[in-house]
């Protein structure tokens, strides 16, 4: 039997928190290991309960979801936890800050339950949950903040891998990359996996930031 995905839900609104927990706990492949109403409690509970995924609100008392995400999944964290940020606020700034803090995905609270469950499963596998169109929008608005730290020539990738990385950074999905390079989606997945492994990156979101920091795309 496949191990269940252990989920911690953090939201300061009890009704929403309970609703999420009820939906998640009803799934045969998931279990709720804890609930809390502020970011600090999420950090403390995660350390004790070791969840696979934390479903995190943004605006909360004591410690907001962005700061909590940074403490759970940010740079330098020895054992990062996968965080799925879910909020009512469809503001690009929140998306950017959440992803920069280490979140693996971003959803709006008005998304249907099936989308929430898909998001949790996606993040649990180690993949990032961010629609290509959202990536494009973020890149367009915030890429200027990511200062290049080195030249593309320093990147330990083969030419084809570098090409795939450029397309990832431009917000292309796997199917779009496959069409652009006239290769199969399975081949694209292989390239993406190799890129993440070679560059020691967790997911596609980190790959986008890496590409901009190295000046691979501008």
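General observations
- For the stretch 5-129, a/c is less than 1.5, where a ≥ b ≥ c are the root eigenvalues of the C-alpha gyration tensor. That puts it in the rounded class.
- The mean sequence separation of alpha-carbon pairs under 8 Å and at least six residues apart, normalised by the residue count of the stretch 17-104, gives a relative contact order of 25 percent.
- Length gained on full extension, residue 201 to residue 181: 4.9 nm, using 0.36 nm per residue less the C-alpha separation.
- With a simple spin-label model that places each label point 7 Å from the Cα along the Cα-to-Cβ direction, the separation between residue 213 and residue 25 comes to 4.0 nm.
- Note on residue 194 and residue 108: the extension gain reaches 27.9 nm, defined as 0.36 nm multiplied by sequence separation minus the Cα-Cα distance.
- Residues 82, 67, arranged from fewest to most other Cβ atoms within 10 angstrom of their Cβ, appear as 67, 82.
We did not get these values from a lab; they are worked out from the coordinates using the rules stated. Computed from a prediction, not measured in an experiment: that's the story for all the values here. Cβ coordinates were reconstructed from backbone atoms using ideal geometry, including for glycine residues, and neighbour counts include every protein chain displayed.
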